[in-house]
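Read-outs throughout are calculated quantities, based only on the coordinates presented, and are distinct from any laboratory measurement. It should be emphasised that the depicted structure is a prediction, and the values quoted were computed from it without experimental measurement. Virtual Cβ from ideal backbone geometry, glycine too; neighbours counted across all protein chains shown.
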Amino acid sequence: MLDIDTLGEFARHRRLRRSEGLRRLVAETRLSPSDFVYPLFVTHGSNIREPIASMPGQFRVSVDQAGREADDLRALGIPAVLLFGLPESKDEAGSGAYADDGVVQRAVRAFKRADPRLVVVTDVCMCEYTSHGHCGVVVDGEVDNDRSLELLADTALSHAQAGADIVAPSDMMDGRVAAIRGTLDDAGFASLPIMAYSAKYASAFYGPFREAADSAPQFGDRRGYQMDPPNVREALLEIEDDIAEGADIVMVKPALAYLDVIARARQAVDVPLAAYNVSGEYAMVKAAGERGWIDEQRVMMETLTAIRRAGASIIITYHAKEAARLLRDEAPR
Ligand code: PBG
């Protein structure tokens, strides 16, 4: 028989794990609906709520659904929505991205009308609007950085004019934050914040999104502009440059395979840090949950907690509504 008295001193870490109350009291990381941004796909047409097959629980909605969506978010305490647009038609120049009556511009007005206090964030990119599906202007088979900047800035300006509260460039062109900041300032929008997708990796985790947003590149891939997954020091350079160019919030994307990048970014800079829990991350949880292979709700909360623990203060997630509902309903004592 083991004689405990001969073991010497050891710590009783389990003391503080004995009840739900104790565990809550000593939790180092907390989740709140205020941390969440809800991404939403807005499509042309009316009265549309079309389920997205690879993202169970998510829908493409038409502009007229803004009131219902805004009500949901307000009731759940989610402060912000991130809008993506599915235009009626696409062209080489992605002109739907910066049209005054474009789908996102109309959605911004509808959301602000429905709830002026909702923070309306817009994704600034060309890929949903260009016939080739790339995030900028294609010249000789390559995405031309400098020629893309003006269109991206025009897009951000059109979102600002529609009433957006934050613009969020996701294209990964160099200098886009400076271009957007300059254009906004010149047009009287000096107070409008920019949330930059600063460390956005060329990731296979965007698969379901590209189906949902119909934004897959028609030739090649995005590796010539989005970041290469092996790199983390480069992510810090991207983040520093975006801040120098005028970004108010920086982002790491995707989240789960890049928790180390989030943690390093948190140590390196003091601006608010967002992480995007992307479509593929969401789809995997849903798929395994549907099969009964995992406890979906627990995996969801564990995942979101991990993103916060790594250092993100803002989590962009398709789970936002479901997680907020759980946080509201669970008050264990
Ligand atoms: C547009 C954009 C993408 C995502 C956000 N903005 C797709 C891409 O870069 O291909 C992905 C979001 C997700 O997967 O949930 N450039």
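What to note about this one:
- Using R0 = 56 Å, the C-beta based FRET efficiency linking Glu9 and Asp64 works out to 0.25.
- Filtered chymotrypsin sites (Phe, Trp or Tyr not before Pro), region 256-331: DSSP coil and at most 11 other beta carbons within 10 Å: Trp293
- The spacing between region 182-248 and region 84-112, judged by their C-alpha centroids, is 19 Å.
- In this label model, Asp270 and Leu2 are separated by 4.8 nm, measuring between points 7 Å along each Cα→Cβ vector.
- The calculated 222 nm mean residue ellipticity attributable to helices in the chain amounts to -11500 deg cm²/dmol, summing -39500 (n - 2.57) over DSSP H runs of n ≥ 4 and dividing by all residues.
- Sequence-separation-based contact order of region 28-167, relative, with Cα cut under 8 Å and 6+ spacing, percent: 23
- Simple label model, 7 Å out from Cα along Cβ direction - Arg117 to Asp146, nm: 4.8
- Rounded to the nearest 20, the size of the Cβ-charge dipole of the chain about its Cα centre is 1780 debye, with Lys and Arg at +1 and Asp and Glu at -1.
- Sequence-separation-based contact order of region 218-332, relative, with Cα cut under 8 Å and 6+ spacing, percent: 24
- Estimated FRET transfer efficiency when R0 is 35 angstrom, pair Val26-Glu240 (beta carbons, to 0.05): 0.50
- The magnitude of the dipole of region 78-203, with charges of +1 and -1 set on the Cβ of Lys/Arg and Asp/Glu and taken from the Cα centre, is near 660 debye.
- Taking the DSSP bridge list for the chain and keeping only pairs wholly inside it, about 15 percent are antiparallel.
- Inter-label distance, Asp174 to Ala53: 4.0 nm, where each label sits 7 Å from its Cα along the C-beta direction.
- Within region 38-62, backbone nitrogen closer than 19 Å to the virtual label 7 Å beyond the Cα of Ala216 toward Cβ: 51-56, 60
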